[in-house]
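First the structure, in the form of structure tokens, and then the observations on it.
The values are calculated or read from the model by the stated rules, or taken from the named source; none is laboratory data. Only a predicted model underlies this, so the values are computations on that prediction, with no experimental measurement involved. Glycine gets a Cβ as well: all are built from the backbone with ideal geometry, and neighbour counts include every protein chain shown.
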């Protein structure tokens, strides 16, 4: 019995680590970004996390959009409307078609005309019951244009209220490049998972985590990831989730570095790649 236990323990120790798949803007590779069809596709192909972005309308509704100023190539709407989400009511935003054409940067993407920009509440309400996957909600900001978002404390309260409304505290991580937003959220919800997005090394991964208000997740641009800084982060109890990797050679480099999850526009391809290596 002792020999069997030792043998099973050795097998467990050698078992490969499961790497989570985060569908960037849902599944931008296949569907219009940050839309309900994109999120449904990501769920269908086995993504563990739905990554999405939020801004705030003129009437203080959280809507799912990567850009704070609507891009005509993404969403087509009345020409007379302003393009800044913060200057539009929800009713006005719902007049934009955000699936009217495929993104030329993603030749496999399928256009779905008539697709509207969802609210964060719609995403939570429609999708949360479909599985146990998590949500990665990015709070968007533009330091050069502070008028495009509410002040950090107000924005943080709005996001937290929506998460609590749907009782998703244990299924949501909130991320941002704007560390003032992460610190504001940390003050009112210290137990909520928060992720620091960054594209430069600064003084190192651990210093970034501290600067962002003691986050539990580090989300670097994929080129910043090395086995050494991943080990350092893990030793400090932090999770490492790089962005945005779409090619097999990028996936393999991150796997070799020991990351915990990978944000990708192509969740279906990454799931298949990981499964072939017994990593998902």
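What are the residues in region 199-215 that are loosely packed, with under 15 Cβ neighbours inside 10 Å, closer than 26 Å to residue 189 by Cα and touching a residue at least 24 places away in the same chain (Cβ under 8 Å), if any? Scanning region 199-215 gives 199, 204, 214. Take the conditions (1) touching a helix residue (DSSP H, G or I) at 6+ places or on another chain (Cβ under 6 Å); (2) farther than 26 Å from residue 136 by Cβ; residue 112 misses just one of them, which is (2). Exactly one residue out of 30, 47 is over 16 Å from residue 127 (Cα atoms) and in contact with a helix residue (DSSP H, G or I) (Cβ under 6 Å, 6 or more places away or on another chain): that is 30.
Does residue 71 meet the test of being at pLDDT below 95, assigned to a loop (DSSP other than H, G, I, E, B) and closer than 30 Å to residue 129 by Cα? No: the conditions fail for residue 71. Entry remark, region 168-198: residues being buried (at least 24 other Cβ atoms within 10 Å of the Cβ) and either free of Cβ contacts under 8 Å to residues at least 24 places away in the same chain or over 15 Å from the mean Cα position of the chain (by Cα) (or both) number 4 in total. Take region 106-141 and flag every residue that is surrounded by fewer than 15 Cβ atoms within 10 Å (Cβ to Cβ) and assigned to a loop (DSSP other than H, G, I, E, B). Of everything in region 106-141, those that are surrounded by fewer than 15 Cβ atoms within 10 Å (Cβ to Cβ) and assigned to a loop (DSSP other than H, G, I, E, B) turn out to be 107, 108, 110, 111, 113, 114, 131, 132. Look at (1) over 20 Å from residue 131 (Cα atoms); (2) modelled with pLDDT of 95 or more; (3) not in a loop (DSSP other than H, G, I, E, B) and you find that residue 22 fails only one, number (1). Residues of region 69-87 that are in contact with a strand residue (DSSP E or B) (Cβ under 9 Å, 6 or more places away or on another chain) and buried (at least 19 other Cβ atoms within 10 Å of the Cβ): 70, 75, 77, 85.
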